[in-house]
Amino acid sequence: MLPPRLRRLVAPLLPLALVLVLAFGLGGCVTTGLSTAEGSPWQPVPLATRSNPLDVAFTDGQHGFLVGSNRLIMETADGGASWQERALELPEEENFRLISIDFDGREGWIVGQPGLLLHSTDAGKSWSRLFLDTKLPGEPYLVTALGPKTAELATNVGAVYRTADAGASWQALVTDAAGAVRDLRRSADGSYVSVSSLGNFFATWSPGQATWQVHQRVSSQRLQSMGFQPDGRLWMVARGAQLRFNPEAGDPEDWSKPVIPITNGYGYLDMAWDPRGGIWTGGGSGTLLSSPDGGSQWIRDPVAAAQPSNFTRIAFLPDGKGFVLGERGTLLRWVG
């Protein structure tokens with residue numbers, strides 16, 4: 001036992017010691033401060049809206065659409081440098097949230113909530129509403145254009161359907177839904193990963209499997225979002241600003257130690273890889289960080305830090321275009 005005088009000297013240091021032990025005990029990379037990059041590959045794009053952009057897709061190198069909350073749909077003809085708001089022929093009394101959009105050439109699809117599915121065959125000049133079966137499990141969440149008259153539709157309970165006749169009929173690909181989800185992503189090979197609504201587990205599904213495969217979360221921190229790295233491996237964002245990477249494709253039980261780029265009180269909501277191989281993650285209060293070396297070192301983006309918004313989505317398209325979508329009409333465009 002320590003003498004009384006020594007105990008009085010040591011006591012004030014105990015809280016600091018506990019913080020240090022917890023930080024090092026995470027076993028990953030923890031940083032309390034980050035430097036800011038001198039320049040930025042991002043350019044703010046003014047949007048004449050306060051709605052939240054949620055997804056973006058292009059018909060070709062220059063022409064595309066942005067969709068979001070409050071029936072938001074905007075169109076660009078210059079690769080995303082400027083956007084003009086458009087209108088959809090939908091009942092005025094219904095306030096749809098347009099969640100997902102995708103194109104395969106001139107054929108495009110939009111899904112939204114509640115219960116909205118739109119189809120275009122003329123590069124978005126006109127849209128036809130397709131009415132979904134009232135027995136459809138869950139609400140539309142993600143749509144993927146796969147070719148002429150062909151698309152996949154996933155719902156917010158993990159039901160996955162495919163059409164090959166422009167939406168006249170749909171075939172179920174999964175016999176059981178995954179349950180209510182907060183995040184759902186699809187890889188280029190048709191595999192899916194979903195995060196449960198409470199963030200307490202995740203599930204994976206690959207073509208040919210009858211059901212979703214359920215996996216427990218790696219730590220006590222609840223999951224926020226998950227997705228696929230460019231090579232097919234998984235990534236994970238958890239509460240507490242934790243990032244994890246899946247070392248081996250096909251093994252969803254194997255994860256890296258947590259990486260915590262900065263402990264600033266704001267969590268991350270998404271992660272993506274730019275055309276140069278750099279990793280980007282973003283979240284609350286203008287937080288947008290990049291890592292050029294696979295997640296070991298991180299740096300703040302100065303343009304993003306000046307935006308009074310929470311970043312909800314980072315999207316890099318196959319042709320190299322990139323966008324950061326934020327709340328209240330915030331949009332950043334990749335200029336490299």
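Kirkwood Rh, the range 133-285, all Cα pairs: how many Å?
One decimal place: 16.3 Å for the Kirkwood radius.
For the chain, what does the helix formula give at 222 nm: sum of -39500 (n - 2.57) over DSSP H segments with n ≥ 4, over the residue count, nearest 500 deg cm²/dmol?
-2000 deg cm²/dmol
So which GluC sites (Glu not before Pro) in the range 93-123 end up in coil per DSSP with only 15 or fewer other C-beta atoms within 10 Å?
Qualifying residues, ordered by number: Glu93, Glu94.
Restricting to Cα atoms and excluding each atom paired with itself, what does the Kirkwood estimate give for the range 261-336 in Å? Intermediate results must be reported in sequence, preceding the final value.
Working: mean 1/r = 0.0811 Å⁻¹.
This gives a value of 12.3 Å.
Counting only other residues whose beta carbon sits under 9 Å from that of Pro247, what net charge do I get with K and R as +1, D and E as -1? Walk me through the numbers on the way to the answer.
Numbers: positive: Arg233; negative: Glu248, Asp251, Asp254.
Around Pro247, the charge tally is -2.
What does the highest-first list of 319-328, 113-122, 204-213 look like by mean Cβ count within 10 Å?
Put in order of decreasing packing, that is 319-328, 113-122, 204-213.
Distance between Cα centroids, the range 211-237 to the range 283-328: provide it in whole Å.
So the two Cα centres are separated by 20 Å.
Using the Kirkwood formula on the Cα atoms of the range 72-181, what hydrodynamic radius do you get, in angstrom to one decimal?
14.5
Laboratory data are not the source of any read-out in this text; all were calculated from the coordinates shown. Being a predicted model, the structure only gives us computed values, none of them experimental. Note: ideal-geometry Cβ built from the backbone for every residue, glycine included; neighbour counts use all protein chains shown.
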